[in-house]
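Coordinate-derived values only; no laboratory data. Just so you know, these numbers come straight off a predicted model, no measurement behind them. Reconstructed Cβ throughout: ideal geometry from the backbone, glycine too, with neighbour counts over all protein chains shown.
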Amino acid sequence: MASSLHSNLNFLPRTQSTAAAGGASRTHLFSIIRCGPRDNRGPLLKGRILSIEAIQAIQALKRANRTDPTNLPTHLLSRLIKADLIAAFKELLRQDQCILALKVFSTVRSEYSVDFANYADLVLALTRNGLREEIDALILDMEKEGGIQFEDNKGLSRLVKALIDAERKESTVRIYKLMRKSGWGSTFPVDEYLGKVLSRGLSRFGEDKMAYQIDEELRRFSRGILDKHRV
């Protein structure tokens, strides 16, 4: 069974029972199976279910990566539905298989919209494994894809915070400029928490002008709320 299942089978001794029927006896054998984690890695997160197809794709990617990393069977990923792709992506991140997770993530992005929380999880894993250049490439690809949707400010805040914690100044600036280009602060209102996180991060990177712009937007937003209350 795949290592991603982390199952350990413990077989208890068989017990037998005898039942008489029409003068003949029958013997029934029972085996009790108990499952538990095989190693020190934690169990799958609640709500994350790996289908057989997802497990097989993970196994194939890991086998190929061990023998020939330049020839990964990424064509297998196109057969998976979005839920299976996301589950495989998260499982590979859990195993710190970041390069393989990037391959899966690239397939997800090419076919579906991706939550900012998934970007944040990937950035955190790449940081943990010292793959900081891959973070910059990831954000550069995001910039090339177009604008930002502001339906998930919580996920976007997580992504920005992950970039700041990873000390990725260029990527943080890219995100801020992309947010501006997408209407943040004009068409879309400034989210207070996101604004504060971004302002502190840019200030820490020495981008005081950008940090000041965000602080001005926050003050304008705050005054707008006060004016509404007065009315």
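The ARG66 and ARG200 beta-carbon pair, evaluated with R₀ = 35 Å, returns a calculated FRET efficiency of approximately 0.25. Backbone phi angles across region 142-157, fed through the Karplus curve with coefficients 6.51, -1.76 and 1.60 (θ = phi - 60°), yield HN-Hα couplings of 4, 4, 5, 6, x, x, 10, 8, 9, 7, 10, 5, 5, x, 5, 4 Hz in residue order; Gly and Pro are listed as x. Applying a DSSP loop filter and a limit of 14 other Cβ atoms within 10 Å to the chymotrypsin sites (Phe, Trp or Tyr not before Pro) in region 112-210 leaves TYR112. Quick check on my link table: of LYS144/LYS169; LYS154/LYS181; LYS169/LYS196; LYS161/LYS181; LYS82/LYS103; LYS82/LYS196, which ones sit more than 25 Å apart, alpha carbon to alpha carbon? Table pairs above 25 Å Cα-Cα are LYS82/LYS196. This ranking places GLU217, GLU133, GLU111 by how few other beta-carbon atoms lie within 10 Å of each, fewest first, which gives GLU133, GLU111, GLU217. With an a/c value under 1.5 for the gyration tensor axes a ≥ b ≥ c computed over the alpha-carbon atoms, region 86-171 is described as rounded. Across region 109-159, Cα pairs under 8 Å and at least six residues apart give a relative contact order of 63 percent. Note on ILE175, ILE55: ascending count of other Cβ atoms within 10 Å places them as ILE55, ILE175, the fewest first.
Here GLU111 and GLN56 are evaluated by their C-beta separation; at R0 = 25 Å the FRET efficiency comes out at 0.85.
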